[in-house]
Each structure stands twice: as C-alpha cells, then as structure tokens.
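Engineer: Quick one: the structure is below, and I'll ask about it shortly.
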Amino acid sequence: MKQYRDGVDFVVIVFYRYEYAQLLVESIKKYVKGIDYTVHIINNGKNKGDGNGYDILCDLFENEPNVKIHKGVDQDPDSNSVHVNDYICKIDGRGVAIGSYTQTQAMDIGVRAGDRKYICFQDADTIYLNEFIHELLPLLEDNFFVSHKWEPGIEIAKDQCMFIKRESVENNYLYEKDDLYPNIHYKDTCGTLTLYAKEKELPYVILKNSFNDRSLTHEHRLNLKNGEQSYINDRPFVYHFGRGSVRQDDLYHQWMKEASKYLGVAWK
C-alpha cells in the first residue's frame, strides 16, 4: 500500500487577488499546530509575462518553506462574467461557469503535487479563527469527508473548506478511474465526492455553520455582512467570505481589514 507523509496538504486556488492567500497562510501558521502541513497555492489567471501572478506569489511566499506555488490555468480576469453555464457536468448535465471548471483543474494540480495523508480543499478567501486540527482530523476515521457547509438546491457538500483522506481520493472511483479527483462531473466543484458517499452509503460530516443556519450570523467573529462561519465542537474555527475573487473592491478591502485585524497582522 502506498505510504503518505504525515500531515495535511492544503490546496488553495488564487485568482488575481493574491493577498487573500497571504492572510489564509497567516491563519494556518497561527492555528494549525502540532502537525506538519504544506500549502499548495495554484495560480489561475496570468502565469507568464510581465506582472504575472505566478511570479507575484513566488515573491510573496519566498520565505515560507511550507508554501509551494504552482502554475494553474491561464484565465482572463473578466472571464467568469462572460462564460456563464458554458461547462456541462457529465453526470447530471448541469451547466456551470468557467470559474468552477478552471478551479477544479487547478485543484487537481494541487492534489497531485502533494503527498500528505490528508487533503484540505480551501478557498483563498477563508481564514481560520481558532485551533481545530486535532479535533477535526479524527472525524475522518469514521467519515468519508468533513465539509464546512451544505449547498441546498444542488444538494452537495461544499469544498471551500473540506477535509478528506488522500487514500480516499486516490484509491477509489465512482464510474471511471480518478473521478474522485477534483472535477465538475456532478453539480459543481467536487460534487462527485458527495455522490460517491451517497452511492456507497458512506457517512460524512457537515459541520455546524451560519450558512445553513442563519440564526448563527450574530456570532460571527468578523464584522462583515458577507460570508459564513463554521464550527468544530461549537467553537468557531473558519470563516469563508464567499465569491472573493469577484467581490467589489470595497468589499475586498473590508475583508482584508477585518481579517488582518483578527489575525493581528498588518495590512494597508
């Protein structure tokens, strides 16, 4: 049986707003304690030429040995508003935007670049709020995955903060080889994982969160109108801003201000 290194591979996609990743990494450094990890940041957008995101990210994280930068998918900054529902999920026929398609392509790059026991799919516009890792990972001994929220309507667990064992992705498949790697085969990004769990009658965990229970929004640790907070053992542990790459500049600046203040790091 293939041996994996101990720890977590965090797989993070960046689409032009590079400073999101800086705050996420700061939160991982602060709150992921007592376990090895690698943060794989994959740049979707511009990967060559003047001012390309790959070089910018390499410069930003040149002194972070636990951060690895990868080239992702070349994509124009306005492509998400142009290519809407152009990409068809092969299992259920649902149309999704180019952002979902290119995100899963980049996620696949990040997953294959890693070799640690656990994988965390992580949106760049998230930060951790407290220590959590030694409470969350044991849940994967009896569950296929742990997700921070459920998406009603399309009825899948979301992957903005989702943990899964690497062996579960690499050693299983639903209909064809490697179809548990990130893809848009079912409903949206990584929806195949939910479908697999249902088809195989495997348990999974959707954590308590303020997206599925809006009565919890008054408990938010960040002073923002947007986003949701998820809990581990009734303690807030992660905040997801949502649609961060396409937020208006004023909302982006609000996130950077509030998240920086929470983490105690400088941002101008």
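Engineer: With the full set of protein chains in place, find how many percent of the accessible area of the stretch 149-261 is carbon and sulfur; take the probe as 1.4 Å.
Structural biologist: That fraction is 43 percent.
Engineer: Considering lysine pairs in the stretch 121-268 that are 8 or more places apart or on different chains, how many have Cα atoms under 15 Å apart? Before the final figure, lay out each step's value.
Structural biologist: Details: 149/158; 149/208; 158/187; 158/198; 158/208; 187/198; 225/257; 257/268.
Lysine pair count for the stretch 121-268: 8.
Engineer: Please report the equivalent ellipsoid semi-axes of the stretch 174-268, computed as sqrt(5 x eigenvalue) of the Cα gyration tensor, largest first, in whole Å.
Structural biologist: Rounded to whole Å, the semi-axes are 32, 18, 11.
Engineer: In vacuo Debye scattering of the stretch 1-127, one point per C-alpha: log10 I(q)/I(0) at q = 0.10, 0.18, 0.21 Å⁻¹?
Structural biologist: Log10 of I(q)/I(0), two decimals: -0.34, -0.97, -1.20.
Engineer: Amide H neighbours of residue 211 under 5 Å, at least 5 residues apart or on other chains, H built in the peptide plane: list them.
Structural biologist: Correct list: 229.
Engineer: Moving on. Tell me, how many Å apart are the Cα centres for the stretch 13-80 and for the stretch 174-202?
Structural biologist: Centre-to-centre distance over Cα atoms comes out at 26 Å.
Engineer: A follow-up question, please. In whole Hz, with x marking every Gly and Pro, tabulate ³J(HN,Hα) for the stretch 91-97 from phi via Karplus 6.51 cos²θ - 1.76 cosθ + 1.60, θ = phi - 60°.
Structural biologist: 8, 10, x, 6, x, 10, 7
Engineer: Below 8 Å, C-alpha to C-alpha, sequence gap of six or more: please give me the relative contact order for the stretch 67-180 in percent.
Structural biologist: Rounded, it is 19 percent for the stretch 67-180.
Engineer: Go through the stretch 106-207 and name the GluC sites (Glu not before Pro) that are in a DSSP coil and have 13 or fewer other Cβ atoms within 10 Å of their Cβ.
Structural biologist: Within the stretch 106-207, the qualifying GluC sites (Glu not before Pro) (loop, at most 13 other Cβ atoms within 10 Å) are 155, 176, 201.
Engineer: Charges at C-beta only: +1 for Lys and Arg, -1 for Asp and Glu. How large is the resulting dipole of the stretch 99-223 about its Cα centre, in Debye rounded to 20?
Structural biologist: About 140 debye.
Engineer: Moving on to the next point. For the stretch 201-207, take each phi angle, set θ = phi - 60°, evaluate the Karplus expression 6.51 cos²θ - 1.76 cosθ + 1.60, and give the result in whole Hz per residue in order, putting x for glycine and proline.
Structural biologist: For the stretch 201-207, the Karplus curve yields 6, 9, x, 8, 10, 10, 6 Hz.
Engineer: Also: Quick one: accessible area per residue over the chain, 1.4 Å probe, rounded to a whole number of Å²?
Structural biologist: In whole numbers, the chain has 46 Å² accessible per residue.
Engineer: Skipping prolines and chain starts, which residues have an amide H placed within reach, meaning under 5 Å, of the one on residue 145, given they are 5 or more residues away or on another chain?
Structural biologist: 205
Engineer: Moving to a separate point now. Defining a contact as two alpha carbons under 8 Å apart and six or more residues distant in sequence, what relative contact order in percent does the chain show? Mind dumping the intermediate values first?
Structural biologist: Details: 525 pairs, mean separation 51.3, N = 268.
Worked out over the chain, it gives 19 percent.
Engineer: So for the stretch 1-54, if I pair up every lysine 8 or more residues apart or on another chain, how many of those pairs have alpha-carbons under 30 Å apart?
Structural biologist: Counting lysine pairs in the stretch 1-54 gives 5.
The values are calculated or read from the model by the stated rules, or taken from the named source; none is laboratory data. Owing to the predicted nature of the structure, the values given are computational and were not obtained by experimental measurement. Reconstructed Cβ throughout: ideal geometry from the backbone, glycine too, with neighbour counts over all protein chains shown. These area figures cover heavy atoms from the full protein model, side chains too; ligands, DNA and RNA do not enter into them. Shrake-Rupley method; radii C 1.70, N 1.55, O 1.52, S 1.80 Å.
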